[in-house]
Structure formats: C-alpha cells, structure tokens
Amino acid sequence: MLERKGVVTRNKYSLDSDFEKLLNYSRVVDDGEWVFISGCSGFDYTDMTIAESMTEQTQQVFSNTLNERKSRMPQIQGDRG
C-alpha cells in the first residue's frame, strides 16, 4: 500500500450534465498520482460504432476522455478539493 504524507489534492472534471449535478458526480478524478475514470463507454463517436473487443473499448474510453478534456477544457468544471 502506498503511504502518502500531507494533503491530497484532487482535480475533478465534469461535463456539467444534469446527471453529474444531481449526483455530485465527476467522470474523471485526478489525485496527482492516479486518474480515475468512471461512467464512460467505449463508443467511437467519430464513426458511431463500438468495438467488439473489450481491449479496444477500453482504449476508446481513454481516447474519448482525453479528447473531450482537450476540446472542452475551458468549459470543463475543474474543481480542487
């Protein structure tokens, strides 16, 4: 188990959806060492498909998350604490 000293700072990224507001939910949480992604599918929005392979779907989740974060960075609610 990793032992940490001091205060842990988390960055929470939400897309400001009604669901996220209602449940106080963030799709991505970055604690400086780990990044947690939740509630995202492996759907490829460029060609509107989903791969059969779990590996490809997982890779697509990361791609979607990174692309969304880059394209919407000014709009994403970055929340420290």
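The values are calculated or read from the model by the stated rules, or taken from the named source; none is laboratory data. Computed from a predicted model, the values in this text were never measured in an experiment. Every residue, glycine as well, gets a Cβ built from its backbone with ideal geometry; the counts of neighbours run over all protein chains shown.
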Can you name every residue in segment 9-31 that is closer than 19 Å to residue 67 by Cβ, part of a loop (DSSP other than H, G, I, E, B) and free of Cβ contacts under 8 Å to residues at least 24 places away in the same chain? 17
Flag for residue 62 being at pLDDT 75 or above, over 12 Å from the mean Cα position of the chain (by Cα) and surrounded by 10 or more Cβ atoms within 10 Å (Cβ to Cβ): no
